[in-house]
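These notes concern the structure reproduced below.
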Amino acid sequence: MASISVIIPNFNREKLVGETIQNMLDQSLAPSEVIVVDDGSTDNSIEVIKAFGDRVRLIQQENQGPGAARNAGLKVATGKYIQFMDSDDLASLNKLEIQAQALNQYQADMVYSPWTKVYIENKTLRFQDHILQKQALPQKLSILEWFLSGWSIVLQSCLFRREFLLRTAPFRHDLMVWEDGEYMVRLFTLHPKIIFAPSCLTLYRLHNFQKLTESGTSDGRRLQDRISTSLQFWELLNQIHQPLKPFVRLNFGFECWSMLKAMEQFTGFSEEEKRNLEKLSNFYPAIFWHLFSYFRRAMIRLRWQTTGSRWIYPYQSAFPTQGDYQLVKLMGFEVER
């Protein structure tokens with residue numbers, strides 16, 4: 001089986017990072033290396049990480065954000081496959097094995113699998129709601145087109161071929177909350193071979209502990225990152241001559257219009273940013289976008305009433321199954337139903 005490098009960026013997560021490291025070391029297919037990049041922690045994270053001894057490679061750097069931390073890990077990684085894992089998240093113990101087998105079998109660049117948001121306390125786990133990506137993305141759109149239409153995926157639920165990641169530029173350092181989505185879009189424009197592996201599960205932990213980066217997560221900063229990446233996406237699409245299907249163009253235009261409206265609540269945005277967003281959304285008048293906004297909210301309510309799910313169609317969401325409960329129990333958790 002091919003070697004796997006696990007890269008874990010960490011900032012002030014002394015209460016969680018040890019559990020994430022142990023979760024990776026306990027995988028049925030053990031990684032060839034676990035690289036933890038500490039991004040200037042001021043708590044006892046370093047002591048927690050060093051307690052694993054030579055089973056973990058520790059890299060320390062000044063606080064620069066999650067993108068810089070992942071870049072530092074990728075720079076020294078030697079595995080054929082790369083697993084990015086945030087320092088508060090976990091995965092079913094078969095994740096690396098299932099996904100590595102899929103990459104090997106299909107000679108793919110990337111594999112993705114189901115994931116879900118959870119609360120964990122005292123070894124008791126509660127699902128927030130549905131399991132996401134219980135099935136593969138519908139094939140009527142490419143993964144890039146789905147992303148530009150409002151769907152997304154977390155890095156943790158994927159496994160990548162390292163040589164594929166090296167085909168694009170590193171993570172941006174200036175983004176604090178959208179650095180992973182921006183990176184994924186650049187990967188998707190390379191037309192990778194992507195496959196879906198359904199038999200494992202990634203747990204995206206919801207909690208109130210210290211976040212990965214020391215600054216940059218205010219609402220204004222989040223909006224700034226959204227605007228920056230959206231405008232970059234459009235430039236990138238023009239560079240690769242990627243026309244958008246009407247459905248994708250509509251949803252992308254609506255997001256640009258929504259950001260224009262949100263800009264009114266903050267200062268510090270440039271007139272150039274405003275003009276560029278207007279160009280991407282003015283193919284319909286403002287009244288259309290207002291009506292479309294009402295329509296979207298109505299569809300969300302209808303979806304909730306008919307399926308019990310708030311997630312849009314491409315997420316292929318579903319209630320947890322007995323198989324999902326079993327994967328969680330094998331990790332040592334009791335499941336609250």
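Overview of values
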quantity: Largest to smallest principal axis extent of the C-alpha atoms in the stretch 99-174, angstrom; calculated: 42, 36, 29
quantity: Span from the the stretch 217-259 Cα centroid across to the the stretch 73-125 one, whole angstrom; calculated: 28
quantity: Highest-first arrangement of 92-104, 222-234, where packing means the average Cβ count within 10 Å; calculated: 92-104, 222-234
quantity: Non-local Lys pairs in the stretch 75-158, i.e. 8 or more apart or on different chains, that have alpha carbons under 24 Å apart; calculated: 6
quantity: Solvent-accessible area per residue for the chain (1.4 angstrom probe, square angstrom); calculated: 47
quantity: Ranked packing of 124-132, 175-183, 302-310, 27-35, most packed first, by mean Cβ within 10 Å; calculated: 175-183, 27-35, 124-132, 302-310
quantity: Peptides ranked, highest mean first, by Cβ atoms within 10 Å: ranges 111-118, 199-206; calculated: 111-118, 199-206
quantity: Separation between Cα centres of the stretch 22-42 and the stretch 143-169, rounded to whole Å; calculated: 21
quantity: Taking the convex hull of Cα positions in the chain, its mean projected area over all directions (nm²); calculated: 17.4
quantity: Share of carbon and sulfur in the accessible heavy-atom surface of the chain [1.4 Å probe, %]; calculated: 50
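The values are calculated or read from the model by the stated rules, or taken from the named source; none is laboratory data. Everything numeric in this text was worked out from a predicted model, so none of it was measured. For neighbour counting, all protein chains shown are included, and Cβ atoms are generated from backbone atoms with ideal geometry for every residue, glycine included. Please note that ligands, DNA and RNA were not included when accessible areas were found on the heavy atoms of the full protein model with its side chains. Shrake-Rupley method; radii C 1.70, N 1.55, O 1.52, S 1.80 Å.
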